[in-house]
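The values are calculated or read from the model by the stated rules, or taken from the named source; none is laboratory data. What you see is a predicted model, and the numbers here were worked out from it, not measured in a lab. Reconstructed Cβ throughout: ideal geometry from the backbone, glycine too, with neighbour counts over all protein chains shown.
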2 protein chains.
Amino acid sequence: MKVIIVGGVAIGPKVAARLRRINPDAEITILEKGSLISYGGCGLPFYVANLVPRLEDLMTTSYGVIRDTEFFAAQKNAKVYTQTEAIKIDRINKRVWVRNLLTNLEDALPYDYLVLATGSKPSIPPIPGVKLGRIFTMHHPHDAQSVKDLIKTKQVKHVTVIGSGLIGIETADALVSPRLKVTICEADSRVLPKLLDSDMSKLVEQKIKGHGVDLQLSCKVKAFEGDAEDNVCRVITEQGTIETEMVIIATGVRPEIGLAREAGLTIGNTGAIQVDEHQMTNDPAIYAGGDCAEQRHLLTGEPVYIPLASTANKQGRVIADHIAGIPARFAPVEGTSILQAFDLTIGRTGLGEEEARNRGYNVVTSVSSGLDATHYYPMHALITIKLIAEQENGRLLGAQVCGIGECAKRLDVLATALKFGAKAEDLIDLDLAYAPPFATAIDVLIHAATTLENMRQGIALGITAENVTKRLAAGEKLCILDIREPDEVMANPLSLDGTMVIGLGELRERWEEIPRDSLIVTVCGLGIRGYEAACMLQSKGISQVAFLQGGLNVGSAFFKQ
Amino acid sequence: MKVIIVGGVAIGPKVAARLRRINPDAEITILEKGSLISYGGCGLPFYVANLVPRLEDLMTTSYGVIRDTEFFAAQKNAKVYTQTEAIKIDRINKRVWVRNLLTNLEDALPYDYLVLATGSKPSIPPIPGVKLGRIFTMHHPHDAQSVKDLIKTKQVKHVTVIGSGLIGIETADALVSPRLKVTICEADSRVLPKLLDSDMSKLVEQKIKGHGVDLQLSCKVKAFEGDAEDNVCRVITEQGTIETEMVIIATGVRPEIGLAREAGLTIGNTGAIQVDEHQMTNDPAIYAGGDCAEQRHLLTGEPVYIPLASTANKQGRVIADHIAGIPARFAPVEGTSILQAFDLTIGRTGLGEEEARNRGYNVVTSVSSGLDATHYYPMHALITIKLIAEQENGRLLGAQVCGIGECAKRLDVLATALKFGAKAEDLIDLDLAYAPPFATAIDVLIHAATTLENMRQGIALGITAENVTKRLAAGEKLCILDIREPDEVMANPLSLDGTMVIGLGELRERWEEIPRDSLIVTVCGLGIRGYEAACMLQSKGISQVAFLQGGLNVGSAFFKQ
C-alpha cells in the first residue's frame, strides 16, 4: 500500500507515525515544499519573545533529536522529500505530480491513498504597500527569524501589529518592551474578536494598555508607505498615520486548497476542503486534515474552519487508522482555544454569547470572578469565567476565561463538560479536586455555575459592567451601591455617578437610606458579596436591584476608561 | 422557620449563608462547641510549613474580614453560639439541648429543621502511650499552633508522623528540613494507600526519600514511650525503636456521630450518618452533611465515607435549598482528591485498579508519562497518568496522577469525564485547549487515553515497571531493550539483568541481534518510543514484546532501589 502525504509540518508526520505503528508494510512518502518539516509553528511567538532560545528547538523531539528527513527514515521508515511541491493530482490514475524546487524536475508518484496536509497560509489583506520590506507575517520559522534578526540590529524602535487575534496578541506581547514600542491596529471594535465576547475582551484590553501597548480599535488600515529603501515606514489608517519601522500582519490564515480545488475535490463553504467524519474527501482515495480542511462544530453541527495544532494531531490519527482499515472518526470540535499574553491566560470553548444569540438560542450568561486557590495559600490569583447557557434548561453552550490565575484547568473542564452536553446543574455537582494550592473549597468554576443557575432560575439578578456603563452613558440614573469594606473602598474608590457606600456589614441597619427611585446596583470586589447584598435588599421588598457580575475585578476594566 | 445548625466549621456556615440568601425570614442559629468558627482546616499543614503566616489567615474571608460571631450576625443575620455544645436531640418535641461550656448552663432550643454538621474527629489508634505529651494530631488549629510553637523553641530535632495518608504526607512535607528530621511510619506496604495503587505510590515514595525523610513502610507501631516529663521520646515498632521528640498521629478521621446516634438517627455501615440524596436523615426534620455524613459513590452506587471540604460545601447548598423548599439533590461522589507535597502534585478520582478488580470489573489500565507543556517552552515538567477502565467497552473507572508538572488540570478533566460516563475513545476526542505554555499538541491526557485504548484493543502491549521488577525478582529472564539515544543512556544507564542497548534509530537495521528466547521489554524515557519500538519488532514477527509503560520516568522508581 502506497501512501503519499502532501505536507510535512504538523498532521503529515502524525499520519506517518501512526500509520507506521499500525501498518508495518505501508510505503509512506511525505512531500514538503519547504525545507523544514515537523516544526512547532505555535512556538514562533515564544521564539520572538526569547522564551525559546533557538529556532531548532521547535524542530526537535522532547528528547532532543531533530525531526528531519533522516529521523523519519530511520525511526518511522517514511521517505521525506523536502523542497518538493505536489503540483497536480491525477485522480483517475492515482498519481500525484511533484516538482523538485531545487532542480525543477517533475515526476509522477503513484498512490493508493493520498493525504492532503497542505496547511494554511497567512491571509494578507490587499492593502496598498503590503509588499514593502519589513512587513512580515508570523507563519513560518523564516518569518520569526527575520523579525528577530531585524530587532537584534536595534534599528527597530516601533512595530505595528495588524490584527488582534490570537497570533497578533501573542506577537505584540512577545515584542513589547521599554525599548520597542508596539501599536496594535484592530479593525474590529475589540481585541480577540473571534475568541471573546466584548465584555471579556475588555479585560484583555485593559491589560494590553497597562503594558504600554498603543491599542487602536476600530482601526482600518488604508495603506502602508515605504521609505527610500522600500521598507515600510508609515501605516495610514482611517484615523491617522502611525510612524513605524516594522509591520506584522496577523489577520488570520486561509486554508491552502489550490491542489485540492484543481483536482476537483469539494471545497466547503468555509473555504476549506470538505471532509467526512473519517477525514475523507469526496474522493475515497484522498484524505485531508489539519489547517487545509474544515471541521464540524459540536453545537451547531455546521462546518467550521478553526485551524489548530491539537485538532490536526487528532485528525492525523483518524486518517492513519482509516487508511489501515480501522473505522476511526474525528469528533466534532468545540473550538477550544487558549493563549497566554500580557500576564493573562485567555481562552474560550463552544459558542460565544453573540454567536449563540445570533443562532436563536435563548441565552443566559454569568460572569464570575474568583480565586484560583485559597486566599491564604501564598500563590493565588484572580480569574474570571463567563458561562453561556440555554435559559430553558441550563445546557452549557460555551465558556470564556480570562485572568492572571489558573484559567486553563477551568477551561479544559468546561470543554470536557460541553462535550457531554452538561447543564449548569451538572457543573455544580462536579467532583473537582480540592486542596488549598489548587482551588477554593467551592471552586471558582462551581461558583460560576451556581451563579449561572441562580440567574437562570431568577434567584439572583445580575447586571454586567458593560450594561451599567452603557446605561450611565445613556444618561440613565442608577444607584451604585458600593458594599465593600472601608479599606477596600479607600484603596480603589468608585467614582461613578450615583455611587453610595454602605458596607455589607451595615446594610441590615442602614438599608432604608438607599434611594429607591432607580435601579440599585450592588458592587463588591468579586460579585459574591454584591449578590448577597442584592438578596438582602430583595428580602426588604426592594425589587429594582441587581448585583454587579464579577464585581470590580471585571468592573474596573469598564469604569476606569 | 427556626433552623439550628450544629457545627460551625465548614458546612454549617455554608448552610447558613445559602439559606439566608434564599430565605430572608428563617431564624438561623449555629452552635459550635469550639471557640472558633468557619476556619480552613485544610490549611493547617500550610500553616505548619510557614506558607500561611498567621493562624487567623485561615479564619478570614478573601477580603480580609474575620468570620466570627459578629460577622455572621451582621452579614448573614445568623446567631452563632460558640463554646456551646449540643448534648441531646429531643426529636419528638423538636428541641435540641445545649450546654454552654463556659457556664455549664443548659437550655433547650426549639427547631423546625436541625442540621447536623458535627464534622469528624481524629481516629487515634489505641496504642499504649498514645496520651503522652508532644503527641498531636493535625485536626484543629490548636494542634497546628502547638506543633509550630514547639518546633519554634528548637527543642525538637526529630518528628515521627504515624500514617501516610493525605494529612500525614502533607504534614511530613511541611515539617522536614535540614534541622528537623522526619520519620514516617506507615502500617501499609505503601504510602497513600487509600489514594493510590501501589505502582503510583512508588513514584511518591521515591520523592519522599529523596527529600531525606525516613520512610518506614509495613511498619506497625506497638507503643509510645515517654521521658521523665511524660513527653514522648520513643516509638516502638515491630521492626525496632525510633528515638523521637514529637509524634503526629495522622491515621485518618472518624465521623462525629454521638449526638445523632443517641437521637436514634440511622448510622450507615461506613460509620457515618446515613442520609438520602437531599442530605436528609431518617428524621425528615433533621439533615446531616459534611464530615459526619456518608456519601454515595458514583461508580458503585454504594455508601462511602470520603470526608472532603469540597463535598461539605456542596452539601451545604443542597441542605439549605431543600429546607427552603427547592428540591435539590447532592450528586454521588467520585472521591476526587489531591495533594501537593514533596514537589509533587498527587491525585485520584474514581476507583483504583485494586478496588475495581476487587469489585469484579474486567480491568484494563495504562500508565503514561508526558510533559505538561511543550518541551520548547521554558516551563515544562513531567507528569504520570494512570487510567483504569473496563476492558469490554473502555469505560473509565478511575484515574491517578502524579508529577512535578501540572497534574491538577488533567485530574479535574478526568473527574469531569468520569461523571459523564466517558469511555477512552471519548477522552481521545476531547477538544482540550492547546497552546505551548499549557499542553503539548497531543495533550498528555489524550496520549494516556490513546495508550489505554491501544492496549484495550490489543494494538499495544505494555508492561508495568512493577511487573518487570517482580518478574526479574522471581528469576525470570527478560530482554530489557533500551532504545534511548546514546546521551540519554549515558546520563542514566540501566543496570537491570538482561539489558541491551540499541537506539530506536538503529533498530530497523539491528533488530535481528535481539535474542528472542524471552520477553523483550522496550524501554525509553516516557514510553512513547518504547511503544514505537515494540510495534516495529511486532512487525518483524516478534510477538513476545512489550513496552515499558511510562518509560523510565516511572521505571526509575522501581529499578533503583
Taking the range B:130-160, which residues are of a type in the set (Gly, Ala, Ser) and under 21 Å from B:VAL253 (Cβ atoms)? B:ALA144, B:SER146
Would you confirm whether any residue within the range B:506-516 is under 24 Å from B:CYS402 (Cβ atoms), outside the structural domain of B:ALA389 (by TED's automatic domain parsing) and touching a helix residue (DSSP H, G or I) at 6+ places or on another chain (Cβ under 8 Å)? no
If you go through the range B:435-452, how many residues are buried (at least 24 other Cβ atoms within 10 Å of the Cβ) and not in a helix (DSSP H, G or I)? 5
Within the range B:151-179, the residues that are farther than 21 Å from B:ILE127 by Cβ and hydroxyl-bearing (Ser, Thr, Tyr) are B:THR153, B:SER177
B:ASP57 passes all but one of the listed conditions (1) of a type in the set (D, E, K, R); (2) under 27 Å from B:ILE169 (Cα atoms); (3) more than 32 Å from the chain's Cα centre (by Cα); the exception is number (3)
Give me a count of the residues in the range A:497-537 that are modelled with pLDDT under 90, in contact with a strand residue (DSSP E or B) (Cβ under 7 Å, 6 or more places away or on another chain) and within 23 Å of A:GLY370 (Cβ to Cβ). 0
Failed condition for B:GLN239, given (1) surrounded by fewer than 20 Cβ atoms within 10 Å (Cβ to Cβ); (2) modelled with pLDDT of 95 or more: (2)
Can you tell me which residue within the range B:515-542, out of those that are among the hydroxyl-bearing types (Ser, Thr, Tyr) and surrounded by fewer than 24 Cβ atoms within 10 Å (Cβ to Cβ), is farthest from B:GLY555 (Cα to Cα)? B:SER539
Within the range A:169-177, is even one residue among the aliphatic types (A, V, I, L, M), part of a loop (DSSP other than H, G, I, E, B) and under 23 Å from the mean Cα position of the chain (by Cα)? yes
Please verify whether A:LEU427 is within 12 Å of chain B (Cβ to nearest Cβ) and over 24 Å from A:GLN206 (Cβ atoms), treating the condition exactly as stated. yes
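Hey, can you tell me all the residues within the range B:346-377 that are in a strand (DSSP E or B) and either over 17 Å from B:MET200 (Cβ atoms) or without any contact (Cβ under 8 Å) to a residue 24 or more places away in the chain (or both)? Steps first, please.
Taking the range B:346-377 first, the residues in a strand (DSSP E or B) are B:346-350, B:363-371.
Residue satisfying the conditions is B:LEU371 alone.
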With respect to B:SER164, determine if the residue is of a type outside the set (Phe, Trp, Tyr) and more than 14 Å from every other protein chain (Cβ to nearest Cβ). yes
Taking A:ILE151 as the residue in question, decide whether it is buried (at least 18 other Cβ atoms within 10 Å of the Cβ) and outside any loop (DSSP other than H, G, I, E, B). yes
Residue tally, condition at the interface with another protein chain (Cβ under 9 Å from one of its Cβ atoms) and either in contact (Cβ under 8 Å) with a residue 60 or more places away in the chain or under 17 Å from B:TRP97 (Cα atoms) (or both), over the range B:22-39: 2
Restricting attention to the range B:453-472, the residues that are part of a helix (DSSP H, G or I), more than 14 Å from every other protein chain (Cβ to nearest Cβ) and among the hydrophobic types (A, V, I, L, M, F, W, C) number exactly 3
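Would it be correct to say that A:SER62 is surrounded by fewer than 23 Cβ atoms within 10 Å (Cβ to Cβ) and at pLDDT below 95?
Criteria met by A:SER62.
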So, in the range A:139-164, of the ones that are within 27 Å of the chain's Cα centre (by Cα) and β-branched (Val, Ile, Thr), which residue ends up modelled with the lowest pLDDT? A:ILE151
Among the numbered criteria (1) in a loop (DSSP other than H, G, I, E, B); (2) closer than 30 Å to A:ASN454 by Cα; (3) touching a residue at least 12 places away in the same chain (Cβ under 8 Å), which single criterion is violated by B:HIS380? (2)
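Quick grid of which residues meet (1) under 24 Å from B:LEU387 (Cα atoms); (2) more than 10 Å from chain A (Cβ to nearest Cβ):
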{"residue": "B:PRO493", "(1), (2)": "no, yes"}
{"residue": "B:THR499", "(1), (2)": "no, yes"}
{"residue": "B:LEU504", "(1), (2)": "no, no"}
{"residue": "B:TRP511", "(1), (2)": "no, yes"}
{"residue": "B:ASP517", "(1), (2)": "no, yes"}
{"residue": "B:CYS524", "(1), (2)": "yes, no"}
{"residue": "B:GLY530", "(1), (2)": "yes, yes"}
{"residue": "B:LYS540", "(1), (2)": "no, no"}
{"residue": "B:VAL545", "(1), (2)": "yes, yes"}
For the range B:261-316: of the residues being charged (D, E, K, R) and more than 13 Å from chain A (Cβ to nearest Cβ), which is surrounded by the most Cβ atoms within 10 Å (Cβ to Cβ)? B:GLU294
All strands (runs of 3 or more DSSP E) inside the range B:480-561 with 3 or more residues being within 34 Å of the chain's Cα centre (by Cα): B:519-523, B:545-548
Condition check for B:SER123: out of contact with any helix residue (DSSP H, G or I) (no Cβ under 6 Å at 6 or more places or on another chain), surrounded by fewer than 18 Cβ atoms within 10 Å (Cβ to Cβ) and under 25 Å from B:THR311 (Cα atoms): yes
Filter the range B:323-344 down to residues that are in contact with a strand residue (DSSP E or B) (Cβ under 7 Å, 6 or more places away or on another chain) and more than 16 Å from B:LYS194 (Cα to Cα) and give me whichever is farthest from the other protein chains (Cβ to nearest Cβ). B:ILE323
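Listed here are the residues, each with its yes/no results for (1) more than 8 Å from chain A (Cβ to nearest Cβ); (2) closer than 17 Å to A:ALA435 by Cα; (3) modelled with pLDDT under 95.
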| site | (1), (2), (3) |
| --- | --- |
| B:GLN391 | yes, no, no |
| B:CYS402 | yes, yes, no |
| B:GLY405 | yes, yes, no |
| B:ALA435 | no, no, no |
| B:ALA439 | no, no, no |
Go through the range B:124-138 and report how many residues are more than 25 Å from the chain's Cα centre (by Cα) and part of a loop (DSSP other than H, G, I, E, B). 7
